[in-house]
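Values in this text are rule-based calculations from the coordinates and carry no lab data. Worth saying up front: this structure is predicted, and the values here are computed from it rather than measured. Cβ placement follows ideal geometry from the backbone for every residue including glycine, while neighbour counts extend to all protein chains displayed.
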Amino acid sequence: MATSNELADLSPSILGHLNEVYKEIRQTYLRYDYPWVIGYSGGKDSTTALQLIWLALEQLPAEQRTKPIYVISTDTLVETPMIVDHTNDTLRLINQEAQKRDLPFTAQKLSPILDDTFWVNLLGRGYPAPNSGFRWCTERLKINPSNRFILSKVAEHGEVILILGSRRGESSTRDQVINMHRVTGQKLARHGQLPGAWVYMPIENFTTDDIWTYLIQVKSPWGGDNRQLSALYRSAQDGECPLVVDTTTPSCGGGRFGCWVCTVVQRDKSMEAMIDSGEDWMIPLLEYRDWLASTQNPDVKPVQREFKGRDGRIKITEDGRLRYRTYTLEFSKEMVRRLLKAQREVQDHEPEFMLGM
């Protein structure tokens, strides 16, 4: 457990209740017979939730730590390389240290099935680059892999408790859903879309300052480097893509780091900041992302999109105009050529790097 000196700089709101948080976690773990599934994205919030749970349950006698705790991280296969490295290292350390300390944690990485992957849909099906009006990537790359795992554990155990590093105030819609499904007198809420799943958010009342002060003051129990995580955020201008398990979870945007191909935002400020901080080997990735974002305008020349979809159908807008749909076959070939060129350039610096194809 963290010492009083380590906690000295925590805000009064957290300092006065931190031991209560640990106590609540232990009580919740002991109260229900269901296994836990912790969503870990590699960012500050999910790291804090996981660290709190680890430190709390480590204080229980071994005979009481009977329920398995699955730590899952979803790799979209198009994550920013630096985040992939950080997450892979963390999952490896969690498994090693949990086995050494005889703790019930098992960490594993999830990924979308081949048919749902980014490149199959972009290059194979000709889906246009995602935008705020057609964000086809979120469900396929993030929601489906997590939900498949969660539902498999529901089928195995009857019910599960899903631990999320979500905090109040991040999304008004999310707050309303939490309140709607909250069970009176309990810390658990029913998951709105996954039958058999309960949601527990141990950091729901933490502020951003509370999160960072806790991570910097309290060492990672599995041997991770929270200061390195802080440096990664500084280089990416803060923000993260959370583990997404439903459509109410705040998704990526603004300056958040996540998928390097994300075209939902106008500019990838996080990748720009990483390059400015010295990671210039990522320039080909940024150039490809920016070029891909430019294809969202179907009226540019030469023509990149066609009116007929891969299903052979033509759609018409409400005002009677033909609606642009999938990329043309020739333009899809051009996307592949440019993508392979970017991969070769990046591999001059990172020989093991593959672009998820």
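Roughly speaking, what is the stretch gain from ASP89 to GLN108, that is 0.36 nm per residue apart minus the C-alpha to C-alpha distance, in nm to one decimal?
Working: separation 19, 0.36 × 19 = 6.84 nm, distance 1.15 nm.
Contour length minus Cα-Cα distance gives 5.7 nm.
Sticking with the crude label model, points 7 Å out along Cα→Cβ, report the distance from ALA62 to GLU20 in nm, one decimal please.
Reported label-point gap for ALA62 and GLU20 is 3.4 nm.
How far apart, in nm, are two points set 7 Å out from the Cα along the Cα-to-Cβ line at ARG344 and at HIS157?
4.9
Taking 0.36 nm per residue of separation and subtracting the Cα-Cα distance, what length does fully extending LEU329 through GLN193 add? Mind dumping the intermediate values first?
Numbers: separation 136, 0.36 × 136 = 48.96 nm, distance 3.70 nm.
Length gained between LEU329 and GLN193: 45.3 nm.
What net charge do the residues around HIS17 carry, taking every other residue with its C-beta under 11 Å from that of HIS17, with Lys and Arg at +1 and Asp and Glu at -1?
Details: positive: LYS23; negative: GLU20, GLU24, ASP210.
Once all neighbours under 11 Å are counted, the net charge is -2.
Working only with C-alpha atoms, what are the Rg and Dmax values of the stretch 29-131, expressed in angstrom?
Spelled out, the Cα radius of gyration and Dmax of the stretch 29-131 are 16.9, 55 Å.
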